[in-house]
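Below is one structure, written out as structure tokens; the observations come after it.
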Amino acid sequence: MPPWFADPAVGKFANDPSLSTAEIATLAAWSQTNVRAGDKADAPAPHRWAEGWSIPKPDLILLMPKAVPLPASGDVEYTYEIVPTRFAEDRWVQMVEVLPRLRSNVHHAVVYIRPPDSHWLRHAPVGTPFTASMLSDRDDRRGAHWTDSDILLVYAPGSSPDEWPADMAKFVPAGSDLVFQMHYTTNGRAASDQTAVGLIFSKRPPPQRVLTLQLTNDHFVIPPGDSDFRVEARGTLPNDATLLGFMPHMHLRGKRFEYNIIHENKNGGSDGKPPYEIEPLLRVNYHFHWQMSYRLAQPCFLKAGTELQAVAWYDNSAKNPHNPDPGVEVRWGEQTYDEMMVGFFDVAVTASMDKQRFFLRPKN
């Protein structure tokens, strides 16, 4: 049974594999009866998966054109590879999965959609691996560390493919490139990786478009030995959106992560009442090796102006068995011995709304 790290008291999630108390009791009772197995002829046909993929056979597989050589030891700078889609027309992606060739060395991967009119990484090479330090253009070097391009999918150990209902999908404009951002770690053996992404397309343009957004705080310092350090990020939605799910991301000192809606208390400050109230959406006991997505069983409509909060707690003490060094201060950084605080979340908006337009606040 796959693990599940969400607090059962907060939210209901479509991909929760946990058994109910009644289901556990049924299995326990069955195991004690020593009943013979049924006739195999009565069993349903096994599901046929495409080899290597968790999703059904992809309509299209896009592979990084060149393998990335990895050393046996040391840090590996974030590695990028730009993959042209060569789409002659706009495409809507219903299901998508990232498949690393070398899972043992892939800390995470983010696949971005770069539309043909984008200036992001415009001087970077296409079809060959590169890092920020290899780029001569200053804007390209800056762009390797930050972009507002839409995300097709985030992959991390334990994460699952994205599958959207029939009325929504991710949008890839004609002529777009996919930009693979790969974070590799070393494990004592030299190797190479050539990650692929598998796409299943919607049969027709859907009425809703899925956007992946994030709440991020990159300005924090975790003191040495602190076992419960708190970091927070907040943001307000500039337009109406339907909340679909979450994917928290931290590194080895990650302990807990939660998402909330902040409701202003109009009577706050009087009679001892707080200035705001918190509506919890997800609480996770974080595990670095199982960075899972949490899909709401019932999508939640949020009006423009809704304030979202993400809160992360870190264990930088010697009691954390994953802690590489409890005696040092820890800041934001790309390597696993550094830390990150990213609360990814997916929303559905009208099909005509792209990410840039979504962040334009309507004028009153």
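Read-outs throughout are calculated quantities, based only on the coordinates presented, and are distinct from any laboratory measurement. A quick note: this is a predicted structure, and the numbers were derived from the prediction, not measured. Reconstructed Cβ throughout: ideal geometry from the backbone, glycine too, with neighbour counts over all protein chains shown.
The table for this structure:
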item	result
Along principal axes, Cα extents of region 1-45, largest first, whole Å	40, 27, 15
Proportion of all alpha-carbon pairs of the chain beyond 28 Å (%)	51 percent
Highest average packing first - 186-199, 206-219, 306-319, Cβ atoms within 10 Å	306-319, 206-219, 186-199
Max mean-square fluctuation residue, GNM over the chain, Cα-Cα springs under 10 Å, options 25, 43, 351	43
Amide H contacts of residue 184 (H built 1.01 Å from N, under 5 Å, at least 5 apart or other chain)	79, 107
Hz values of 3J(HN,Hα) by residue in region 243-251 - Karplus curve (6.51, -1.76, 1.60), Gly and Pro given as x	6, 10, x, 9, 8, x, 9, 9, 10
Region 119-130 - phi-based ³J(HN,Hα) in whole Hz, Karplus 6.51/-1.76/1.60, Gly and Pro as x	9, 5, 6, 5, 9, 7, x, 10, x, 9, x, 8
Share antiparallel - DSSP beta bridges, the chain, percent rounded to 5	95 percent
Restricting region 105-148 to chymotrypsin sites (Phe, Trp or Tyr not before Pro) in coil, as DSSP defines it, with at most 10 other Cβ within 10 Å	146
Relative contact order [Cα under 8 Å, 6+ residues apart], the chain, whole percent	23 percent
Whole-Å distance, taken between Cα centres, linking region 327-364 and region 170-237	9 Å
Pairwise centroid distance, computed over Cα atoms, of region 294-313 with region 71-139, Å	28 Å
Enclosed volume per residue, in Å³, of the convex hull spanned by Cα atoms of region 207-364	144 Å³
Estimated Rh, region 228-321: Kirkwood, alpha-carbon pairs, angstrom	14.9 Å
Environment charge of residue 328, counting only residues whose C-beta is closer than 15 Å and scoring Lys/Arg +1, Asp/Glu -1	-4
Rounded to whole Hz, the Karplus (6.51, -1.76, 1.60) HN-Hα couplings of region 273-284, x for glycine and proline	7, x, x, 8, 10, 10, 9, x, 10, 7, 10, 10
Along each principal axis, Cα extent of region 107-185, largest first, Å	43, 33, 21
Bins of 5 Å, starting at 0 and running to the largest distance - Cα pair percent for region 1-77	3, 8, 9, 10, 14, 13, 15, 11, 6, 7, 5, 0
Of 299, 84, 46, the one that fluctuates the most in a GNM where the chain has Cα springs shorter than 10 Å	46
At most 14 other Cβ within 10 Å, DSSP loop - trypsin sites (Lys or Arg not before Pro), region 324-364	363
27 Å tail of the calculated P(r), region 51-202, as % of Cα pairs	20 percent
Net charge dipole size for region 207-364 [Lys, Arg +1 and Asp, Glu -1 on Cβ; Debye, nearest 20]	540 debye
